[in-house]
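Novice: Input: one structure, supplied below.
The values are calculated or read from the model by the stated rules, or taken from the named source; none is laboratory data. Since the structure is predicted, the reported quantities are computational estimates derived from the model, not experimental observations. Note that we place each Cβ from the backbone using ideal geometry, even for glycine, and neighbour counts take in every protein chain shown.
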Amino acid sequence: MQGTMLYGPRDIRFEDRPDPKITKPTDAILRLSATCVCGSDLWPYRGIAKVSEPTPMGHEYCGIVEEVGKEVRNIKPGQFVVGSFATSDNTCVICRDGYQSSCVQREFMSTAQAPILRVPLADGTLVPTRDHPPKELIPSLLATSDVLGTGWFAADAANVKPGTTAVVVGDGAVGLLAVLSAKQMGAERIIAMSRHESRQKLAREFGATDIVSERGEEGVARIKELTKGIGADSVLECVGTQESMMQAIHSTRPGGFVSYVGVPHGVELDGPQLFFAEIHLHGGPAPVRRYLPELIDLVLNEKINPGKVFDLTLPLDQVAEGYRAMDERRAIKTLLRTDGRK
C-alpha cells in the first residue's frame, strides 16, 4: 500500500509502505473509509516538534474491520468501527476511571493517513456502529475519533453545565467542536475567540452567542467586559501556546474551571499567578474512548453534525496539499478519502 510520511519541515510524501499485518493477538486490521489531517500534525509539519527520521503520520480514523487477532473477542470482521488516537485495553484501573488515553498499555496511533491500518488493543480501542453508516455520515463519524472527542473533553473538563458562561480559546477544528460540545452540555452563553470570518460563522452555527476577536490582554479585557468584570465560569483552551493558556487562565473567574486540550508547546505557568487565580485546571490528551459510544449515537441519530469542520476534501494521495491548505489557513480541516474521490 501507500501511506503518508513526514521527512522534515513541510516535506510530506505519499509513498510505498508495508501492508499492515496482525503482529499481536489483540490487533485488528481496518480498511479505512476516511482519514484526515489534524491540527496537531502541523506542529511537526512546521518543524516546531522535531522529527529525526521519516515518520508515518495520522491518528484519526474510521472504517471496516478486515481481520482480527486470535484474542479479539468483541470486534468482528465486517463491522464498521471508530477508534481513538490513543489505544486502550479499557479494563485497567485508569481506563475504568475514564482516562483511557493514559491506559497502562497505551500506544499512540501514528499511521492512519493510509488506506489500511493496524489497531492494537482492538477490543478496548474500537467501537462498532449498529450497521454500516450511510456515506454522508462518514465525516461526522470520523470527527468523533479525535476532534469532537477532544472538544467534548474540553467542555466536560471545564465543568460546562446548563446556564453557565463558557469561553472557547482557539478556532481550529477542536475549538469549533468545543463550542458545539458546550452547546450540547447546556451552556447559556458561549464566547468564541476567533479572528477568522469563516470560522466565526461556523462557531455561531455550532452555538456561539458571542465572538471576541481580540487576543492576549485585550482579549482578557473583552471577556471581563462581557462578564461584568468577573470572568467566565468555564474556559476551554484549545490551542497549546503560552498566550492561549494565559488568556484562558486570566479570563476565568475565581472558582471557575479551565480545561486545556491543545498540545502544549512552550507553555510555562507562573506559580504565584496560578495560586492567586484560584481556579480549577484539568486537561491533557482527551480520553476519547470514554465518550465514543455517546458521540457515535448523537451522529447516527443526526443530533449533531461535527463533520462540518471538514471544509476541504481530497483523495488520500493528495495529502501534501491537505497539509499545505491547513498550514496556510486555507482550510480548517482536511478530510482524506481513501477511495480516490474528491
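Novice: Taking into account only those residues within region 139-156 that are over 13 Å from residue 35 (Cβ atoms) and among the hydroxyl-bearing types (Ser, Thr, Tyr), which is surrounded by the fewest Cβ atoms within 10 Å (Cβ to Cβ)?
Specialist: So the first thing to find is which residues in region 139-156 are over 13 Å from residue 35 (Cβ atoms), and the list is 140, 144, 148-156.
If we keep only those that are among the hydroxyl-bearing types (Ser, Thr, Tyr) too, we end up with 140, 144, 150.
On the way: 140: 24, 144: 30, 150: 31.
Taking the candidates together, the pick is 140.
Novice: Still on this structure: Do we find that residue 93 is free of Cβ contacts under 8 Å to residues at least 40 places away in the same chain and among the aliphatic types (A, V, I, L, M) in this structure?
Specialist: Details: free of Cβ contacts under 8 Å to residues at least 40 places away in the same chain: yes; among the aliphatic types (A, V, I, L, M): yes.
The answer is yes for residue 93.
Novice: Taking region 297-313 only, how many residues are closer than 14 Å to residue 184 by Cβ and hydrophobic (A, V, I, L, M, F, W, C)?
Specialist: Taking region 297-313 first, the residues closer than 14 Å to residue 184 by Cβ are 297-299, 301-306.
From what is left, the residues that are hydrophobic (A, V, I, L, M, F, W, C) are 298-299, 304.
So the count comes out to 3.
Novice: Is it the case that some residue within region 220-236 is under 22 Å from the mean Cα position of the chain (by Cα) and of a type in the set (A, V, I, L, M)? First the steps, then the outcome.
Specialist: First, the residues of region 220-236 that are under 22 Å from the mean Cα position of the chain (by Cα): 234-236.
The next check asks that each one be of a type in the set (A, V, I, L, M); those that pass are 235-236.
Yes, because at least one residue in region 220-236 is under 22 Å from the mean Cα position of the chain (by Cα) and of a type in the set (A, V, I, L, M).
Novice: Okay, next question. Going through region 237-284 one residue at a time, which ones are over 19 Å from the mean Cα position of the chain (by Cα), in a loop (DSSP other than H, G, I, E, B) and closer than 14 Å to residue 215 by Cβ?
Specialist: 251, the sole residue that qualifies.
Novice: Of the residues in region 28-65, how many are surrounded by fewer than 23 Cβ atoms within 10 Å (Cβ to Cβ) and over 24 Å from residue 314 (Cα atoms)?
Specialist: Number of matching residues: 6.
Novice: Right, something else. Given the conditions (1) farther than 21 Å from residue 256 by Cα; (2) out of contact with any Ser or Thr (no Cβ under 6 Å at 6 or more places or on another chain), which single one is not true for residue 181?
Specialist: (1)
Novice: Can you name every one of the strands (runs of 3 or more DSSP E) wholly within region 108-197 that holds 1 or more residues which are in the same structural domain as residue 14 (by TED's automatic domain parsing)?
Specialist: Details: elements: 116-119, 126-128, 165-169, 189-193.
Once the strands (runs of 3 or more DSSP E) in region 108-197 are filtered for at least 1 residues that are in the same structural domain as residue 14 (by TED's automatic domain parsing), what remains is 116-119, 126-128.
Novice: Can you find a residue that is in contact with a strand residue (DSSP E or B) (Cβ under 8 Å, 6 or more places away or on another chain) and not in a helix (DSSP H, G or I) anywhere in region 289-308?
Specialist: Checked against the condition, which is being in contact with a strand residue (DSSP E or B) (Cβ under 8 Å, 6 or more places away or on another chain) and not in a helix (DSSP H, G or I), region 289-308 yields no hits at all.
Novice: Can you name every residue in region 83-107 that is in contact with a strand residue (DSSP E or B) (Cβ under 6 Å, 6 or more places away or on another chain) and part of a helix (DSSP H, G or I)?
Specialist: Residue satisfying the conditions is 101 alone.
Novice: Select, from 205, 214, the only residue that is within 17 Å of residue 179 (Cβ to Cβ), surrounded by fewer than 21 Cβ atoms within 10 Å (Cβ to Cβ) and of a type in the set (Asp, Glu).
Specialist: On the way: 214 fails: within 17 Å of residue 179 (Cβ to Cβ).
205 is the lone residue from the list that is within 17 Å of residue 179 (Cβ to Cβ), surrounded by fewer than 21 Cβ atoms within 10 Å (Cβ to Cβ) and of a type in the set (Asp, Glu).
Novice: Further, regarding this structure: State the number of residues belonging to region 16-45 that are farther than 28 Å from residue 80 by Cβ and either polar (S, T, N, Q) or free of Cβ contacts under 8 Å to residues at least 40 places away in the same chain (or both). Spell out the reasoning first.
Specialist: Step one: list which residues in region 16-45 are farther than 28 Å from residue 80 by Cβ, which gives 42-45.
Applying the additional criterion that residues be either polar (S, T, N, Q) or free of Cβ contacts under 8 Å to residues at least 40 places away in the same chain (or both) yields 44.
The number of residues fulfilling the criteria is 1.
Novice: Can we say residue 314 is assigned to a strand (DSSP E or B) and outside the structural domain of residue 205 (by TED's automatic domain parsing)? Reasoning before the result, please.
Specialist: Values: assigned to a strand (DSSP E or B): yes; outside the structural domain of residue 205 (by TED's automatic domain parsing): yes.
Yes; evaluated as a whole, the condition is true for this residue.
Novice: Take the conditions surrounded by 19 or more Cβ atoms within 10 Å (Cβ to Cβ), farther than 28 Å from residue 187 by Cα, touching a residue at least 40 places away in the same chain (Cβ under 8 Å) and in contact with a Lys or Arg (Cβ under 7 Å, 6 or more places away or on another chain) and apply them to residue 316. Does it pass?
Specialist: Numbers: surrounded by 19 or more Cβ atoms within 10 Å (Cβ to Cβ): yes; farther than 28 Å from residue 187 by Cα: yes; touching a residue at least 40 places away in the same chain (Cβ under 8 Å): yes; in contact with a Lys or Arg (Cβ under 7 Å, 6 or more places away or on another chain): yes.
Yes; evaluated as a whole, the condition is true for this residue.
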